[in-house]
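The block underneath contains the structure these notes are about, expressed in structure tokens.
The values are calculated or read from the model by the stated rules, or taken from the named source; none is laboratory data. Just so it is clear, the model here is predicted, and its values are computed rather than measured. Please note: Cβ atoms are built from the backbone with ideal geometry, for glycine as well, and neighbour counts cover all protein chains shown. When the accessible area is computed, the model is the full protein with side chains, heavy atoms only, and any ligands, DNA or RNA have been set aside. Shrake-Rupley method; radii C 1.70, N 1.55, O 1.52, S 1.80 Å.
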Amino acid sequence: MLLLQANEDITQVVEVVENDDVKWRWLAQRIQNFVNEGSVLIFGSTKASTEEITAKLNAAGYKGTYLQGN
């Protein structure tokens with residue numbers, strides 16, 4: 001069994017939520033605290049979701065961009 005672990009200098013936050021609406025509310029309520037702590041990296045499962053997350057964060061006043069790969 002492969003066990004994964006983050007670098008000790010990185011804080012990972014994992015929380016399982018019901019759906020994308022709940023996920024966005026969760027993030028919107030916490031993003032400022034995360035930004036206050038330093039850089040924030042958010043992963044999306046699809047190209048469309050990364051674009052949507054970035055657009056919502058930009059609309060909320062946070063500077064950000066997305067990277068996509070195949």
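Could you grab me the full set of residues in segment 33-68 that are among the hydroxyl-bearing types (S, T, Y), open to solvent by 60 Å² or more (accessible area, probe 1.4 Å), modelled with pLDDT of 90 or more and within 20 Å of V13 (Cβ to Cβ)?
Y66
Would you mind stating whether R30 is within 11 Å of the chain's Cα centre (by Cα) and open to solvent by 60 Å² or more (accessible area, probe 1.4 Å)? Full working, then the answer.
On the way: within 11 Å of the chain's Cα centre (by Cα): yes; open to solvent by 60 Å² or more (accessible area, probe 1.4 Å): yes.
The answer is yes for R30.
Are any of the residues in segment 9-23 within 20 Å of T65 (Cα to Cα) and surrounded by 10 or more Cβ atoms within 10 Å (Cβ to Cβ)?
yes
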